[in-house]
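See below for the structure under consideration.
The values are calculated or read from the model by the stated rules, or taken from the named source; none is laboratory data. Quick caveat: nothing in here was measured; it's all calculated off a predicted structure. Here the Cβ positions follow ideal geometry from the backbone for every residue, glycine too, while neighbour counts run over all protein chains shown.
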Amino acid sequence: MSSLRKFQIEPNYILNNALSMFRSKKIRTAIVEGVCDKRFLSQWIPLNAAIRFDGLNGKLLVDLVYKNSRLKPYSDYEFLYFFADIDFDVITEQPLHNHPKFIYNVFCFEENRLHYNDLETYLINTSAFEKVLVNLDIDVNEAASLRERLERASRVTGSLRAADIIVQRSNNLRSSILNGLEIRPFFSSRDIAIDQGKLFKALPTWSNYREYTDDLVEAAKRLDRELPLGWSLSRGHDLTEMLALHLECRGQRGITAEKLELMLRLACELAEFQGSPMGKRLTASGGMTAMSPACEG
């Protein structure tokens, strides 16, 4: 990473730049996790809007910028919004930022309800999914079946990922037990299914802590039992990787998980976004007004 790039991801640099934009042009800044999220929200922004989007390098940096923004001089101004995925924070009982302008995808503080763990999972459950299928010449009537199989397969990988956080924390381990998860070797691309037995059996071969893999599997099974609601254990990046592998099996070339994620974002309708938990929270905090053209003078 260049020295300039390192400087640009310093929280105070990001905040100072955003504050300067607000002071000089009355333009607010929405801090998002990455470039794809920036593109997702920017598609609805007209010219001269009173808001701009800054795509950072992941959720941890968004969290850090938010924490710094609560300090002076930044806390004296109302010039920021924050967007981040909830991921497995609710399941693993991580503290959340309950602030009107910190907007989680897709969590509703008012209802204390987790709809989905991340933006990609939400988008797969909107009409954007059908649009992507049509663009790939896949019968839209397959959407329900594809969703069902994706949800079922992603529960297996998601339960392990969430369990990894829980077991690592409960045993005060310095690093992940799971140590990453490569989906392809355990995935049936044709059927969209994970061979759970094969996966569980193979875990010790790459785990950082082989002696904890039994605990990891038991915790994953417990989460699967205790969280039966659809999509509660799904991780969006797993879903798009599985879908990309399935499409590859069907003869689609050059379709990657990253390309699917961008296609889903750009296929989302503004009205659907406005009716989502993050759209409602953005509206309540004045963000949708900021997304209108800025006033001159």
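Under 18 Å from the mean Cα position of the chain (by Cα), part of a loop (DSSP other than H, G, I, E, B) and of a type in the set (A, V, I, L, M, F, W, C): is that true of residue 90 in this structure? Yes, satisfied. Reported count of residues in the range 169-202, each being in a helix (DSSP H, G or I), under 14 Å from residue 218 (Cβ atoms) and in contact (Cβ under 8 Å) with a residue 40 or more places away in the chain, is 1.
The requirement of being farther than 22 Å from residue 113 by Cα and either assigned by TED's automatic domain parsing to the domain that holds residue 263 or not in a helix (DSSP H, G or I) (or both) is fulfilled nowhere in the range 225-233; no residue meets it.
Taking residues in the range 57-72 that are assigned by TED's automatic domain parsing to the domain that holds residue 85, and partners anywhere that are among the acidic types (Asp, Glu) and not in a loop (DSSP other than H, G, I, E, B), the pairs with Cβ atoms closer than 7 Å and at least 6 places apart or on different chains are 59/85. Does at least one position in the range 66-83 carry a residue that is of a type outside the set (Ser, Thr, Tyr), farther than 27 Å from residue 162 by Cβ and part of a helix (DSSP H, G or I)? Yes; the residues of the range 66-83 include at least one that is of a type outside the set (Ser, Thr, Tyr), farther than 27 Å from residue 162 by Cβ and part of a helix (DSSP H, G or I). Each residue in the range 220-233 was checked for being touching a residue at least 60 places away in the same chain (Cβ under 8 Å) and either within 28 Å of residue 174 (Cβ to Cβ) or among the aliphatic types (A, V, I, L, M) (or both), and 6 pass. Out of contact with any helix residue (DSSP H, G or I) (no Cβ under 6 Å at 6 or more places or on another chain), over 14 Å from residue 124 (Cα atoms) and assigned to a helix (DSSP H, G or I) - does that describe any residue in the range 234-245? Scanning the range 234-245, I find at least one residue that is out of contact with any helix residue (DSSP H, G or I) (no Cβ under 6 Å at 6 or more places or on another chain), over 14 Å from residue 124 (Cα atoms) and assigned to a helix (DSSP H, G or I), so the answer is yes. Can you say whether residue 123 is under 30 Å from residue 222 (Cβ atoms), out of contact with any strand residue (DSSP E or B) (no Cβ under 9 Å at 6 or more places or on another chain), in a helix (DSSP H, G or I) and touching a residue at least 12 places away in the same chain (Cβ under 8 Å), as far as the supplied structure shows? Yes, satisfied.
Every condition in (1) more than 20 Å from the chain's Cα centre (by Cα); (2) in contact (Cβ under 8 Å) with a residue 24 or more places away in the chain is met by residue 141 except one, and the failing one is (2).
Mind listing whichever residues of the range 256-273 are out of contact with any Asp or Glu (no Cβ under 7 Å at 6 or more places or on another chain), surrounded by fewer than 22 Cβ atoms within 10 Å (Cβ to Cβ) and among the aliphatic types (A, V, I, L, M)? Once the filter is applied, which keeps residues that are out of contact with any Asp or Glu (no Cβ under 7 Å at 6 or more places or on another chain), surrounded by fewer than 22 Cβ atoms within 10 Å (Cβ to Cβ) and among the aliphatic types (A, V, I, L, M), the range 256-273 yields 262, 263, 266, 267, 270, 271. Counting only residues that are part of a helix (DSSP H, G or I) and touching a residue at least 12 places away in the same chain (Cβ under 8 Å), which one in the range 24-41 is farthest from residue 119 (Cα to Cα)? Here the answer is 25.
Return only the number of the condition from (1) crowded, with 20+ Cβ neighbours inside 10 Å; (2) within 20 Å of the chain's Cα centre (by Cα) that residue 177 does not satisfy. The single condition residue 177 does not satisfy is (2).
When 193, 244, 162 are screened for being within 20 Å of the chain's Cα centre (by Cα), over 27 Å from residue 94 (Cα atoms) and outside the structural domain of residue 92 (by TED's automatic domain parsing), only 244 passes.
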